[in-house]
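Accompanying notes for the structure given below.
The values are calculated or read from the model by the stated rules, or taken from the named source; none is laboratory data. On a predicted model such as this, the values are computed, not experimentally measured, just so you know. Note that each Cβ is placed from the backbone with ideal geometry, even for glycine, and that neighbours are counted across all protein chains shown.
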Amino acid sequence: MINKLPHTMPGPVIYGAMILGLLAAVAFRILTIVEALNPAWVRPIWYFAVLGYIVFFTYRYFITEKRKRIITANGLREKVKTGKELTDDDRELLNYVLSSVVKSKEHINYIFIVAVSLLVVAADILLTIWYS
């Protein structure tokens, strides 16, 4: 049982992680274009992308583990599944987990990564055709 009720991350942390994840995603996706235009920038951009992903995915890992730990340590799935009465603490913990999922900005990352990936693939194809 978790004795202390958790808190969601402050807005600046949530948005900071999201922005870092988006910038790292863009950095990875522009590497082929940068290589064609200015190869000297490939390595610095690649390092930024890798380090950005390390920070971003470490943050996401800890958020996910925190949610799972709260659910497991307090038997919340079993209580909900069996219809067992929920305590006030159980309700607060469930509210935290649900609020955390709703507040998460990961869906923006997914949409953004797909859109940028499509744009960069199209740009790379056009540059390949143009410079061939």
Output the number of the condition that residue 130 fails; it satisfies all remaining conditions of (1) in contact (Cβ under 8 Å) with a residue 12 or more places away in the chain; (2) of a type in the set (Phe, Trp, Tyr); (3) exposed (fewer than 10 other Cβ atoms within 10 Å of the Cβ). (1)
Can you say whether residue 117 is closer than 30 Å to residue 128 by Cα and in contact (Cβ under 8 Å) with a residue 40 or more places away in the chain, as far as the supplied structure shows? yes
Pairs under 7 Å by beta carbon, first residue touching a residue at least 40 places away in the same chain (Cβ under 8 Å) in region 74-97, partner part of a helix (DSSP H, G or I), six or more apart or different chains? 74/90; 74/93; 93/70; 93/76; 96/70
Restrict the check to region 33-42 and report whether at least one residue is modelled with pLDDT of 95 or more, surrounded by 13 or more Cβ atoms within 10 Å (Cβ to Cβ) and small (Gly, Ala, Ser). no
Residue count for region 103-132, restricted to those that are assigned to a helix (DSSP H, G or I), over 19 Å from residue 53 (Cα atoms) and more than 13 Å from the chain's Cα centre (by Cα): 12
Close pairs (7 angstrom Cβ cut-off, 6 or more residues apart or separate chains): in contact (Cβ under 8 Å) with a residue 60 or more places away in the chain and closer than 29 Å to residue 97 by Cα in region 44-62, of a type in the set (A, V, I, L, M) and part of a helix (DSSP H, G or I) anywhere: none
By residue number, the members of region 65-87 that are assigned to a loop (DSSP other than H, G, I, E, B) and not acidic (Asp, Glu) are 74, 75, 83, 84, 86, 87
